[in-house]
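Structure record follows, encoded as structure tokens.
Only the coordinates and a few stated rules stand behind these numbers; no lab work does. The shown structure was predicted, so the numbers you read here are calculated from the model rather than taken from an experiment. Every residue, glycine among them, receives a Cβ derived from its backbone with ideal geometry; neighbour counts consider all protein chains shown.
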Amino acid sequence: MGLKSFCLKKSLWVFHFAGASCNNCDIEILDVLTPRYDAERFGIQLVGSPRHADVILVSGSINQRDKPRLLEVYEQAAKPVFVVAFGACGCTGGIFAEGNTFAGPVDKIIPVDAYIPGCPPKPEAMLSGIVKLTKQI
């Protein structure tokens, strides 16, 4: 196991990219950070810059205006970076998939390593998905 893999297993820094959505997923992401769920016990921490992130968490559907921004965030992140599609909108486009500004699901724009479906996914599902991602590393 390389040094990078060892470090990632112990501490994942997550950058949250919020696409066009209803913001219910954002509320659930914030709930994971509360003492009730305590994501930091797994080493999960939200960071404010994709340059410091090990994981890009994408919630919401990606529209034409968000697509170049998502590509820019992905390019800015230090490699290897893992991408997690979060929520029904992040995984498939959800209720916004039939809209005329929909640019496609996240996995058609950038490579996705894990999916956490739901509308919105519960905090337990998010923790489970991130823990499974660490086992993948």
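Remark: segment 51-67, residue by residue, has Karplus-estimated 3J(HN,Hα) of 5, 9, 8, 9, 9, 10, 9, 9, 10, x, 7, 9, 9, 4, 6, 7, 4 Hz, where x stands for each Gly or Pro and the curve is 6.51 cos²θ - 1.76 cosθ + 1.60 at θ = phi - 60°. Of the residues G99, G118, G43, which exhibits the maximal mean-square fluctuation in a Gaussian network model of the chain defined by a 10 Å Cα contact cut-off? Residue with maximal mean-square fluctuation among G99, G118, G43: G99.
The peptide list 27-37, 124-134, put in order of mean Cβ contacts within 10 Å with the highest first, becomes 124-134, 27-37.
With both partners inside the chain, how many of the DSSP beta bridges are antiparallel, as a percent to the nearest 5? Counting DSSP beta bridges with both partners in the chain, the antiparallel share is about 10 percent.
Only one of the listed values, [x] 60, 37, 29; [y] 44, 32, 24; [z] 56, 37, 28, was derived from the coordinates as Cα extents along the principal axes in Å; which label is it? Matching the structure shown: [y].
The relative contact order of the chain, computed from alpha carbon pairs under 8 Å that lie at least 6 residues apart in sequence, is 27 percent. Charged side chains reduced to their Cβ positions (Lys and Arg at +1, Asp and Glu at -1) give the chain a dipole of some 400 debye around its Cα centre. Among the chymotrypsin sites (Phe, Trp or Tyr not before Pro) within segment 61-137, not one is in coil by DSSP while having at most 16 neighbouring Cβ atoms inside 10 Å. Under 10 Å, Cα contacts only: if you run a Gaussian network model on the chain, which one of N63, N100, N23 comes out with the highest mean-square fluctuation? Greatest mean-square fluctuation among the candidates belongs to N100.
What is the angle, in °, between the Cα long axis of helix 123-136 and the longest principal axis of the Cα atoms in the chain? Nearest 10 is fine, range 0 to 90. With rounding to tens, the tilt is 60 degrees.
Between C91, C119, C25, the GNM of the chain built on Cα springs shorter than 10 angstrom shows C119 fluctuating the most. Which cross-chain or sequence-distant (5 or more) residues have an amide H under 5 Å from the amide H of D54, H modelled 1.01 Å from N in plane? Amide H to amide H, under 5 Å and 5 or more residues apart or across chains, D54 pairs with W13, V14, F15.
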